[in-house]
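Please treat every number below as a calculation from the coordinates, not as lab data. Remember, it's a predicted structure, so these values are computed and weren't measured experimentally. Virtual Cβ from ideal backbone geometry, glycine too; neighbours counted across all protein chains shown.
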Amino acid sequence: MEIRELSALELGSAIKKKEISCREAAEAYLTAIAERDKTVGAYITVLGGKEMKDGTSAAEETAHGKIASALSRADEVQKKIDAGELDHSPLAGVPAAVKDNMCMKGIRTTAASAILETFRPPYDAGAVEKLEAAGGVVLGKVNMDEFAMGGSTETSHYGITANPWDTSRVPGGSSGGSAAAVAAGMAPYSLGSDTGGSIRQPAAFTGLTGIKPTYGSVSRYGLLAYASSLDQIGPLAHDVKDAAAVLEMISGPDRRDSTSVLKEAFDFSDCFDGQIRGMKIGIPSNYYGVGLDTEIRDAVLAAAKLLEERGALIEEFEMPIIDYAVPAYYIIACAEASSNLSRYDGIKYGHRTKNADNLIETYYRSRSEGFGTEVRRRIMLGSFVLSSGYFDAYYKKALKVRGMIKRAFDEAYEKYDMILSPVSPTAAYEIGGQIADPMAMYMADIYTVSVNLAGLPAISVPCGFTSGGLPIGMQFIGNSFSEKKIIKMADTYQQMTDYHKKRPEIFGKGGAE
């Protein structure tokens, strides 16, 4: 079988058995990137051999003492596998893509912003460290909405990423590059980040499985912050087993992250027996009303029916407080963004204007030149809700609503093992379809942001296709640190269906064709 047709775990097994070498695996994906990324636009920086996409030459591939070439890294990992040093890792030697808001030592890390166009971190993010410690081979840094602010990967300074299923449509965001790279066969799995749905929505738009873990289960050290109380790193892959294996690999404690709470990494080895009889799934009936596309509603409810036939208990209930999730989310997220992005001032690192005569003008021009429209919009909104006279009226109330949302979930989990909902009210929309209407794009987060506000885990899995052939996703939302339950349910669903096995046409051919 062709290398790219193997799942991440199958590829890892073949590498262990010496059926495929680490270099062959990396070469297969680098070839795919060269063939089709001009069409998809998933990568910002490709860690190729002689010439990397960001213009770095082979002579610079060991900058800061780190091997930057994917091929050189593959050879290094091969030696460790041959020496038996990575027998514990099922993904050793398997290539991966990393969202460009996670630091990699000596590798350009931009958050898709002009303000960080030349930034090369002197350290690795905690999740990247764990990926590489397990023998991962990073192919490159992938595109995203600038500073993860957006739901379509259209706000990137480095161009728009296209949906591999229909290149006239968006792949979702902000982890659109992470999703598109996997869906188009340019990486077997990827790391993304989820602040308000930025893993789950791209997964739904591109027919992938994406996991947003419980807040605090994966280190945020080295993640370029958007909203610190909401951001969480997680995996995107073709199926649940691959995504779960990646989450096992990157989860666990990190003393450098004060929000890291797990004492040890997840272990999902007992989650794939397909036994869900008696597990209770709650369906919030107010999630399935006005605004939800009928094809998506029918697909999600059909999935619920299938799980009921397998022995799960399905029950409808109401969560009216969720109607306030979007405004609360954007007030809190923008307030935190306003604070977090104040560090990009043109002085310490990143872009500095050449057209300033004093310090204040340096701040103003550097930030105006470096930040895109959406980032500036959210900084201004965040500064407004934190300002004197408006803090109590907006930010303080949003925090109270956040507490009410968490309590509503707590009450639901007294009755149910998990909640089933759509991921997005629509399937992937056309490029340019919402970018000019920020309110429409913000409201599209209605099903995802409450999960981040409450710090809960959720997994998005494909559950059908629209009449136009676009993927449809649904999500299982669990209580804090109940990843095992939602992974078991999602995997059981994938054992009964084959939506996750479908691939876009571009997956099997060169992008120029």
When we measure straight from the Cα of Lys502, which aspartates and glutamates land under 19 angstrom away, once same-chain ones fewer than 8 places off are left out? Glu2, Glu5, Glu10, Asp166, Asp239, Asp242, Glu295, Asp491
Beyond 29 Å, what share of the Cα-Cα pairs of the chain remains, rounded to the nearest whole percent? 46
With the dipole of the chain defined by +1 on each Lys or Arg Cβ and -1 on each Asp or Glu Cβ, the option from Cys271, Ser467, Val46 whose Cα lies farthest towards the positive pole is Val46
Round to a whole angstrom and tell me the spacing of the C-alpha centers of the range 92-108 and the range 400-458. 28
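Highest mean first, what order results for 69-78, 392-401, 486-495 on Cβ atoms within 10 Å? List each step's numbers first, then the result.
On the way: 69-78: 21.7, 392-401: 15.0, 486-495: 23.6.
The most tightly packed comes first, giving 486-495, 69-78, 392-401.
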Reach of Lys280 by Cα under 25 Å, taken over lysines that are not fewer than 8 positions away in the same chain: Lys212, Lys241, Lys305, Lys406, Lys415, Lys484, Lys485, Lys488
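Cβ neighbours within 10 Å, averaged per peptide: list 116-126, 161-171, 475-485 in order, most packed at the top.
161-171, 475-485, 116-126
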Please report, in debye to the nearest 20, how large the charge dipole of the chain is about its Cα centre when each Lys and Arg carries +1 at its beta carbon and each Asp and Glu carries -1 there. 960
Would you kindly state how much longer the chain becomes between Met380 and Tyr123 on full extension, computed as 0.36 nm times their sequence separation minus their alpha carbon distance, in nm to one decimal? 89.5 nm
Once you place label points 7 Å from the Cα toward the Cβ at Thr31 and Asp437, how far apart are they in nm? 4.5
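Given N residues in the range 358-441, what is its alpha carbon radius of gyration divided by 2.2 N^0.38 Å?
Details: Rg = 19.2 Å, N = 84, 2.2 N^0.38 = 11.8 Å.
Dividing the Cα Rg of the range 358-441 by 2.2 N^0.38 Å gives 1.62.
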Using a 7 Å offset from the Cα along the Cα-to-Cβ direction at both Ser342 and Thr294, what is the distance between the two label points in nm, to one decimal? 5.1
Can you figure out the FRET efficiency of Glu361 with Asp323, using R₀ = 56 Å and their beta-carbon distance, to the nearest 0.05? 0.80
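Highest mean first, how do 7-17, 135-145 rank when packing is the count of other Cβ atoms within 10 Å averaged over residues?
The most tightly packed comes first, giving 135-145, 7-17.
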Quick one: dipole size for the range 3-269, taken about the Cα centre, charges +1 on Lys/Arg Cβ and -1 on Asp/Glu Cβ, in debye to the nearest 20. 160
The chain: antiparallel bridges as % of DSSP beta bridges, rounded to 5, reads 70
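Using a Förster distance of 51 angstrom, determine the FRET efficiency expected from the C-beta separation of Arg310 and Thr353, and round it to 0.05. Show your work: numbers first, answer last.
Values: r = 60 Å, r/R0 = 1.18.
Approximately 0.25, to the nearest 0.05.
Please identify every one of the trypsin sites (Lys or Arg not before Pro) in the range 268-299 that sits in a loop by DSSP and has no more than 16 other beta carbons within 10 Å of its own beta carbon. Numbers along the way, then the final one.
Working: sites: Arg277, Lys280, Arg297; in loops: Arg277.
Sparse-neighbourhood loop trypsin sites (Lys or Arg not before Pro): Arg277.
From the helices alone, meaning DSSP H stretches of at least four residues, give me the mean residue ellipticity at 222 nm for the chain, per-run term -39500 (n - 2.57), in deg cm²/dmol to the nearest 500.
Details: 15 runs with 175 residues, N = 513.
My calculation for the chain gives -10500 deg cm²/dmol from helical runs alone.
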Using the beta-carbon distance between Ala83 and Ser269 and R0 = 30 Å, what value does 1/(1 + (r/R0)^6) give for FRET efficiency, to the nearest 0.05? 0.75
Work from the charge dipole of the chain (Cβ charges, +1 for Lys and Arg, -1 for Asp and Glu, about the Cα centre) and give the residue of Asn340, Ala408, Ala74 farthest towards its positive end. Asn340
At Lys396 and Ser168, where each label point lies 7 Å from the Cα along Cα→Cβ, what is the point-to-point distance in nanometres? 5.1
Farthest positive-ward along the range 287-333 dipole, Cα basis, beta-carbon charges - from Ala325, Tyr288, Leu301: Ala325
State to the nearest 20 debye the size of the charge dipole of the range 351-474 about its Cα centre, where the only charges are +1 on K and R beta carbons and -1 on D and E beta carbons. 440
